[in-house]
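What follows is a short report on a single structure.
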4 protein chains.
Amino acid sequence: MIRVGIVGATGYAGAELVKILSSHPHVCLTSITSRQYAGTPFYEVFPTMRGRTDLVCENFDIDSFSDKTDVVFTALPHKLPLSIVPKLIEKGKKVIDLSADFRFSDVATYEDYYQPHTAKEILEKSVYGLSEIYYERIANSCLVGNPGCYPTTVLLPLIPLIRNGMIDCDFLIADSKSGVSGAGRSVALGTHFCEVNEGFRAYKIDGHRHRPEMEEVLSKEAGKKINLTFVPHLLPLTRGMLTTLYTKVRGNHSSDDMMQCLETFYKNRPFVRLLPDVNQPPDVRHVQNTNFCDIGLHLNKETGQVVIVSAIDNLVKGASGQAVQNMNIMLGFDETTGLI
Amino acid sequence: MIRVGIVGATGYAGAELVKILSSHPHVCLTSITSRQYAGTPFYEVFPTMRGRTDLVCENFDIDSFSDKTDVVFTALPHKLPLSIVPKLIEKGKKVIDLSADFRFSDVATYEDYYQPHTAKEILEKSVYGLSEIYYERIANSCLVGNPGCYPTTVLLPLIPLIRNGMIDCDFLIADSKSGVSGAGRSVALGTHFCEVNEGFRAYKIDGHRHRPEMEEVLSKEAGKKINLTFVPHLLPLTRGMLTTLYTKVRGNHSSDDMMQCLETFYKNRPFVRLLPDVNQPPDVRHVQNTNFCDIGLHLNKETGQVVIVSAIDNLVKGASGQAVQNMNIMLGFDETTGLI
Amino acid sequence: MIRVGIVGATGYAGAELVKILSSHPHVCLTSITSRQYAGTPFYEVFPTMRGRTDLVCENFDIDSFSDKTDVVFTALPHKLPLSIVPKLIEKGKKVIDLSADFRFSDVATYEDYYQPHTAKEILEKSVYGLSEIYYERIANSCLVGNPGCYPTTVLLPLIPLIRNGMIDCDFLIADSKSGVSGAGRSVALGTHFCEVNEGFRAYKIDGHRHRPEMEEVLSKEAGKKINLTFVPHLLPLTRGMLTTLYTKVRGNHSSDDMMQCLETFYKNRPFVRLLPDVNQPPDVRHVQNTNFCDIGLHLNKETGQVVIVSAIDNLVKGASGQAVQNMNIMLGFDETTGLI
Amino acid sequence: MIRVGIVGATGYAGAELVKILSSHPHVCLTSITSRQYAGTPFYEVFPTMRGRTDLVCENFDIDSFSDKTDVVFTALPHKLPLSIVPKLIEKGKKVIDLSADFRFSDVATYEDYYQPHTAKEILEKSVYGLSEIYYERIANSCLVGNPGCYPTTVLLPLIPLIRNGMIDCDFLIADSKSGVSGAGRSVALGTHFCEVNEGFRAYKIDGHRHRPEMEEVLSKEAGKKINLTFVPHLLPLTRGMLTTLYTKVRGNHSSDDMMQCLETFYKNRPFVRLLPDVNQPPDVRHVQNTNFCDIGLHLNKETGQVVIVSAIDNLVKGASGQAVQNMNIMLGFDETTGLI
């Protein structure tokens, strides 16, 4: 039985990892850490897990933690993994990091939007963990930079179409909407119930750090510098993320051509579901508590305007579910093991 | 005291009219009709109004209704006003119609998206009731076609910029999000609590009937045929609508230029609030239960991409509040009378 | 592999059964019926199940249905099972009925609150399916009347205390609060999003049909006629039910005595979780999407007043989860199989 | 024009006061204070008020504040008013305090549940501001201790029945449910959107500080020591509070007798609405954003059990609306002035 540990188990992504891994048939969750709740049984922090796990939160100690684990998920605020992940790699662990610290190929971009990168040597080993796209590279890696939630909704529908030259990459707009759990469990006025409930707003217009993450991947895929207009919004719900993408068709491809392209690409990828009927487009309700990404597409033949809608659960496919999917791939399990 | 009547008082827009008009200082609500609830006190249908109005719902009878009213709001499903409004006009009433029946200048467009128009002769008299834009024409009219909720969020920010040549009208995308009350009070699976709560989805992608309404007005303002890409979405909240608009700047106008343009245009229009700080963009919470339209704007200097966000309460500025604002204008009152 | 069928698969309880049974390791879901959606793939009715089941809804036909199934869940409005269940029993099927039709021992009470009972001969065979309480009888039965959701929250905490003589059965009040899914999927003004959202109300005060169901069981357990004051309320959320019970302690039992009684009773019943800390009482969030019933208890020593709070997911432990738990018991599986 | 000030204007109750008083026809809001937001325009803290008030938050300074105000609302956490209110009274201001500091007659009880009372000399002058009950005393007072939100829902229905000897005061249970705004605007994990949304729980079972407040008033009214069993719960909504009361009828009074008693008592009190139909009991939706308290009542003739349901908006009738109502009474205005 593979032994798995989680560093940072009491944020929302960490807790989702505990939930998923507690019932994963091929691994054993052996150690979870939390500075804030060290010494407290996990089920007291997340009472839904009472009777489902007896694990107690620990302080992170590299030696004792390493002794107990083969595979490690780091679910920490960015910057912290820069000092922890190198040590885990050195100890021979396979690591899936959920922060932004190991997602970028270009250090300069990372440093523009975050802070100095102090683990450049292992950054090179890292693979961007968009499971369906970089499956083979993930399978062979020891370090995965798990994608951001917004990038997952944007990249899964776009990359196959870009690779097949079907859309105009000079025209890309992503209007995204996220549930509140995406903002994390830290207390702040912006996530106070009364400041969110019955509300809806855009935030960080043109300034969200997931934009450079997406632009780096898109540029690589397109073979040229891509600009993405990206506006995230906050939905008054707990879990779920939906992105409405606007682009232009290239040439005279039809709507069916584009759907066919996606179907071919995702034929053996069970977590991407393509919705054939434009009148039943994705709804975050249909992916909640699952690892699915639902995608629908519409082409206006007259104008060439393409509208693509994609939906995920931001804590599952947008974070912990995809992280476990990546673990499955790294360990040679079926990618769906332990996941819905 | 001006006597006011409402035909169709027990839908959500009708009920909002009752609420607003019941405490309007210069008019007296004298008659309300409802097929479904004829004979029932209004406060039994909407218990929040208990103690605030004693009006009893009546069946609509043109003669008795006309005897009791000087100004009439028709808040009915489209098609019904086609037979009722002409009679009211003939009786010399001033009419504000909240359906789509008197919004279009071009009968053919109306008939493409709705049904045959059987009151063309009075359609010509009708003024599109976007209060801040067509103020003077509304003041002189006896029939107002009150705008749709989505069009209000799209047209208020765009028209001043179009008139001043600041944006590229060949590139217009409106990603709109509406609360559930916009779908009306009729029962349907799509508005069942459990089918909406914790959900979010697009609907009628490229197929919503507010698109031709907006395109007609935009084309008139721009002096050429305008295509609008329009995707409405359903928010899991009761009241509120937010539209994120994507367009391109023309020439080398700055963000300040555009804000200045809007400020000049709306200087004496108290219900349009321009938000100077891109970090505090509009939120539907801030306009709920008010007649305000909040607008924020962002320009990406590098790409020329413009993002505009506008927010209203779909039942107030998006329907009944704007209708009362139009009545105020038609009757020579201050446009804010009886409104917040 | 045991073959399982569901009659009435497209209500909320039926759909929850499909979800649970689709991933149950020891049974195979072979047939689902729905009058309204006959011929439609289940995943088109409930798109969350796309890729998880290929079953198509069928019209119910006793012969073909019986050929394909060994165990049957009937998830229909009451009255319909009266004609269907006898035929299934006759064909030798094990049946779990989720309606009220086979819950009552006393036909007269049933007929007072529902309608004439036309299957009295098999009613006698039926066992009340409160899994933890009537485990042995369920194990030996071929027909289970699955409990109502409210009764599950009321009876699980009370029965052990009644059997041990710890509370005053002449003083029993249940103030219950249910999520909207408890009202079913039929469309009605009362479940329109805008009529429920941001709202909270009592309904059917002293008149809900779950009261006689509870009183019958409580009376049997107490050995005398019990009156229960029962007031249900509607919560503005999709799933979850919480009951606050008020009673009086008998004798000088302490709070610890009562908790000890419950702990002993539920020692080997994993789905009942007793919360030791009165400051962390049950929350419906902690039981959502699980089959748990969480119970907390407080005694005011001065007044002898006892407050008990219990919480379940109304669609899982309050309906389909408990139904599958009963199936597990009837088939000799571990009661937790396929359930969380 | 009476000049009004608010000390503590940026909590939820303070902000509601700003909203109400900004459009009150007979007073002028001249000064608002906030430690946290001193120097910031109020509309930047609560953007819904943009264009509706230009007031800037100030630091509290007794002299400059007193120069600008005749009537003062203190909307501060308890304890702070103990030092501020005496100074305001000394300066001859009329004061309405929204904290618990001036609600209790019995200092010892206050000190048991809060802290040492350091302004006992003016406590004696204070009147408990339950508007409909203590109208005359409020009219003649210079200091009002504005009631808690829960006590308002419990006392308004009970006091008339107690005064008329219609209910058994030895049997009183209040099962209360409050919206999240009742917890205030301070950030805390317990009010994080994701910890409340789709959730429901009891809290402070038998330990909430509104219990002694209610017991003091009830005991005074009943002429003997009253124990109240009080369990508050947290509703996943922003505004609204509903209490379900359980008591026993005395003698052979009928349901009609009790309703008649309430109707007589509240005949000229427009903010208490009695709902005659047990099938349309109070709903928090019907009182939101109003100063109404809706009350419904049911008697089980067989058992003598009485169920009373009352509903208010916790920020309006439960706090700021009632405070303004009290101001109206103190200043000799119609009690409904400026309120809905």
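Per-residue answers, yes or no, for (1) open to solvent by 50 Å² or more (accessible area, probe 1.4 Å); (2) in a loop (DSSP other than H, G, I, E, B):
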residue: B:Arg3; (1), (2): yes, no
residue: B:Thr10; (1), (2): no, yes
residue: B:Gly14; (1), (2): no, no
residue: B:Val18; (1), (2): no, no
residue: B:His24; (1), (2): no, yes
residue: B:Thr48; (1), (2): no, no
residue: B:Asp54; (1), (2): yes, yes
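Any idea how many residues of segment D:56-66 are farther than 25 Å from B:His286 by Cα and crowded, with 22+ Cβ neighbours inside 10 Å?
Residues that pass the stated criteria total 1.
Restricting to segment D:226-255, what's the tally of residues that are more than 21 Å from D:Arg163 (Cα to Cα) and more than 10 Å from chain C (Cβ to nearest Cβ)?
Selection size over segment D:226-255: 1.
State all residues of segment B:283-296 that are within 14 Å of chain A (Cβ to nearest Cβ) and farther than 24 Å from A:Thr229 by Cβ; if no residue qualifies, say none.
B:Arg285, B:His286, B:Val287, B:Gln288, B:Asn289, B:Thr290
Could you go through segment A:260-282 and let me know if any residue there is more than 12 Å from chain B (Cβ to nearest Cβ), in contact with a strand residue (DSSP E or B) (Cβ under 7 Å, 6 or more places away or on another chain) and closer than 22 Å to B:Val196 by Cβ.
So far as segment A:260-282 goes, yes, one or more of its residues are more than 12 Å from chain B (Cβ to nearest Cβ), in contact with a strand residue (DSSP E or B) (Cβ under 7 Å, 6 or more places away or on another chain) and closer than 22 Å to B:Val196 by Cβ.
Find the residue count for segment B:26-46, including only residues that are open to solvent by 30 Å² or more (accessible area, probe 1.4 Å), within 14 Å of another protein chain (Cβ to nearest Cβ) and touching a residue at least 12 places away in the same chain (Cβ under 8 Å).
3
Looking only at segment B:93-118, which residues are of a type outside the set (Val, Ile, Thr) and open to solvent by 60 Å² or more (accessible area, probe 1.4 Å)? Talk me through it step by step, then tell me what you get.
Looking only at segment B:93-118, we keep the residues that are of a type outside the set (Val, Ile, Thr), and these are B:93-94, B:97-106, B:108, B:110-117.
If the condition is that a residue be of a type outside the set (Val, Ile, Thr) and open to solvent by 60 Å² or more (accessible area, probe 1.4 Å), then B:Lys94, B:Ser105, B:Asp106, B:Glu111, B:Asp112, B:Tyr113, B:Pro116 are the ones that fit.
Against the condition over 27 Å from C:Cys28 (Cβ atoms), touching a Phe, Trp or Tyr at 6+ places or on another chain (Cβ under 6 Å) and among the aromatic types (Phe, Trp, Tyr), how does C:Tyr110 come out, does it pass?
Details: over 27 Å from C:Cys28 (Cβ atoms): yes; touching a Phe, Trp or Tyr at 6+ places or on another chain (Cβ under 6 Å): yes; among the aromatic types (Phe, Trp, Tyr): yes.
It is true that C:Tyr110 is over 27 Å from C:Cys28 (Cβ atoms), touching a Phe, Trp or Tyr at 6+ places or on another chain (Cβ under 6 Å) and among the aromatic types (Phe, Trp, Tyr).
Just checking, does segment B:253-272 include any residue being under 28 Å from A:Thr238 (Cβ atoms), assigned by TED's automatic domain parsing to the domain that holds B:Val154, open to solvent by 10 Å² or more (accessible area, probe 1.4 Å) and touching a helix residue (DSSP H, G or I) at 6+ places or on another chain (Cβ under 6 Å)?
Checking segment B:253-272: not a single residue is under 28 Å from A:Thr238 (Cβ atoms), assigned by TED's automatic domain parsing to the domain that holds B:Val154, open to solvent by 10 Å² or more (accessible area, probe 1.4 Å) and touching a helix residue (DSSP H, G or I) at 6+ places or on another chain (Cβ under 6 Å).
Going by the structure shown, is C:Thr69 touching a residue at least 24 places away in the same chain (Cβ under 8 Å) and open to solvent by less than 10 Å² (accessible area, probe 1.4 Å)? I'd like the intermediate steps shown before the answer.
Working: touching a residue at least 24 places away in the same chain (Cβ under 8 Å): yes; open to solvent by less than 10 Å² (accessible area, probe 1.4 Å): yes.
For C:Thr69, the condition - touching a residue at least 24 places away in the same chain (Cβ under 8 Å) and open to solvent by less than 10 Å² (accessible area, probe 1.4 Å) - is met.
Suppose we filter segment D:170-185 for residues that are free of Cβ contacts under 8 Å to residues at least 60 places away in the same chain, touching a Lys or Arg at 6+ places or on another chain (Cβ under 9 Å) and open to solvent by 10 Å² or more (accessible area, probe 1.4 Å); how many remain? Give the derivation first.
So in segment D:170-185, the residues free of Cβ contacts under 8 Å to residues at least 60 places away in the same chain come out as D:170, D:180, D:183.
Filter again for touching a Lys or Arg at 6+ places or on another chain (Cβ under 9 Å), leaving D:170, D:180.
When the remaining residues are screened for being open to solvent by 10 Å² or more (accessible area, probe 1.4 Å), the result is D:170.
The total comes to 1.
Working only within segment A:193-225, note down all residues that are under 22 Å from A:Tyr114 (Cβ atoms), within 10 Å of chain B (Cβ to nearest Cβ) and touching a residue at least 12 places away in the same chain (Cβ under 8 Å). Explain how you work it out, then say what you get.
First, the residues of segment A:193-225 that are under 22 Å from A:Tyr114 (Cβ atoms): A:203-220, A:225.
Pick out the ones that are also within 10 Å of chain B (Cβ to nearest Cβ) and you get A:203-207.
Once the filter is applied, which keeps residues that are under 22 Å from A:Tyr114 (Cβ atoms), within 10 Å of chain B (Cβ to nearest Cβ) and touching a residue at least 12 places away in the same chain (Cβ under 8 Å), segment A:193-225 yields A:Tyr203, A:Lys204, A:Ile205, A:Asp206.
Among the residues of segment B:4-20, is there at least one that is over 20 Å from the mean Cα position of the chain (by Cα) and closer than 27 Å to B:Thr336 by Cβ?
First, the residues of segment B:4-20 that are over 20 Å from the mean Cα position of the chain (by Cα): none.
No: zero hits.
Scan segment D:80-90 and tell me whether some residue there is assigned by TED's automatic domain parsing to the domain that holds D:Ser141, under 24 Å from B:Gly338 (Cβ atoms) and open to solvent by 10 Å² or more (accessible area, probe 1.4 Å).
No, segment D:80-90 has no match at all.
For segment C:128-168: of the residues being open to solvent by 10 Å² or more (accessible area, probe 1.4 Å) and farther than 23 Å from C:Val306 by Cβ, which is farthest from the chain's Cα centre (by Cα)?
This residue is C:Asn140.
Give all pairs with beta carbons closer than 6 Å in which a residue from segment A:262-281 that is in contact (Cβ under 8 Å) with a residue 24 or more places away in the chain meets a residue that is among the β-branched types (Val, Ile, Thr) and buried (at least 16 other Cβ atoms within 10 Å of the Cβ); count only pairs at least 6 apart in sequence or on separate chains.
Close Cβ pairs (under 6 Å, with a partner that is among the β-branched types (Val, Ile, Thr) and buried (at least 16 other Cβ atoms within 10 Å of the Cβ)) amount to A:Tyr266/A:Val272; A:Pro281/A:Val309.
Scan segment C:186-205 for residues that are open to solvent by 30 Å² or more (accessible area, probe 1.4 Å) and either over 18 Å from D:Asp277 (Cα atoms) or acidic (Asp, Glu) (or both) and jot them down.
C:Ser186, C:Val187, C:Ala188, C:Leu189
Can B:Thr290 be described as within 17 Å of the chain's Cα centre (by Cα), touching a residue at least 12 places away in the same chain (Cβ under 8 Å), surrounded by fewer than 24 Cβ atoms within 10 Å (Cβ to Cβ) and farther than 22 Å from B:Thr247 by Cα?
Taking the combined requirement at face value, the residue satisfies it.
Of the conditions (1) within 14 Å of chain B (Cβ to nearest Cβ); (2) in contact with a Ser or Thr (Cβ under 8 Å, 6 or more places away or on another chain); (3) polar (S, T, N, Q), A:Ser178 clears all except one; give me its number.
All conditions are met except number (2).
Is there a residue in segment B:214-232 that is in a loop (DSSP other than H, G, I, E, B), at positive phi and open to solvent by 20 Å² or more (accessible area, probe 1.4 Å)?
Yes, some residue in segment B:214-232 is in a loop (DSSP other than H, G, I, E, B), at positive phi and open to solvent by 20 Å² or more (accessible area, probe 1.4 Å).
Within segment B:297-326, take every residue that is free of Cβ contacts under 8 Å to residues at least 60 places away in the same chain and either more than 8 Å from chain A (Cβ to nearest Cβ) or under 14 Å from the mean Cα position of the chain (by Cα) (or both) and give me the one that is surrounded by the most Cβ atoms within 10 Å (Cβ to Cβ).
Going through the qualifying residues, I end up with B:Leu299.
Residue check: is A:Leu237 within 30 Å of D:Glu198 (Cα to Cα) and not hydroxyl-bearing (Ser, Thr, Tyr)?
For A:Leu237, the condition - within 30 Å of D:Glu198 (Cα to Cα) and not hydroxyl-bearing (Ser, Thr, Tyr) - is met.
List pairs: first in segment A:104-124 and over 20 Å from A:Ser141 (Cα atoms), second of a type in the set (Gly, Ala, Ser), Cβ under 9 Å, 6+ apart or cross-chain?
Here the result reads A:Tyr110/A:Ala100; A:Tyr113/A:Ala100; A:Tyr114/A:Ala100; A:Thr118/A:Ser83, each pair linking segment A:104-124 to a residue that is of a type in the set (Gly, Ala, Ser).
Taking the conditions exactly as written (buried (at least 20 other Cβ atoms within 10 Å of the Cβ) and either within 14 Å of chain D (Cβ to nearest Cβ) or under 21 Å from the mean Cα position of the chain (by Cα) (or both)), does C:Leu331 satisfy them or not?
For C:Leu331, the condition - buried (at least 20 other Cβ atoms within 10 Å of the Cβ) and either within 14 Å of chain D (Cβ to nearest Cβ) or under 21 Å from the mean Cα position of the chain (by Cα) (or both) - is not met.
The values are calculated or read from the model by the stated rules, or taken from the named source; none is laboratory data. Please read these numbers as outputs of a predicted model, since none were measured by experiment. Using ideal geometry, Cβ is built from the backbone for each residue, glycine included, and neighbour counts are taken over all protein chains shown. Just the protein is used for accessible areas: all its heavy atoms, side chains included, with ligands, DNA and RNA removed. Shrake-Rupley method; radii C 1.70, N 1.55, O 1.52, S 1.80 Å.
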